[in-house]
């Protein structure tokens, strides 16, 4: 599994019981992620707005939906199927 801490916690809760060992690796944010980090106390805009804008741009440039989903799911640390669903909704 890979993603933001809140998303991982949600996925683990949904699984119920987790058997075996879990290794947690925490990395500093990438430049793209860091650019989207709001200072403490700042108003937080719709977290999906930047993702939707990137999807819109990619679709306008003719990038295939599956390629858009793959690329942006990695950029935004989101599940590919969730991003793919957003792409299909925006086509």
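Here is how the numbers come out for the structure above:
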{"read-out": "Residue 11-residue 25 pseudo-label distance in nm [points 7 Å out on the Cα-to-Cβ vector]", "value": "1.4"}
{"read-out": "Label-point separation, residue 53 to residue 82 (7 Å along Cα→Cβ), nm", "value": "2.0"}
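Coordinate-derived values only; no laboratory data. Note that this is a predicted model, so its numbers are computed, not measured. For neighbour counting, all protein chains shown are included, and Cβ atoms are generated from backbone atoms with ideal geometry for every residue, glycine included.
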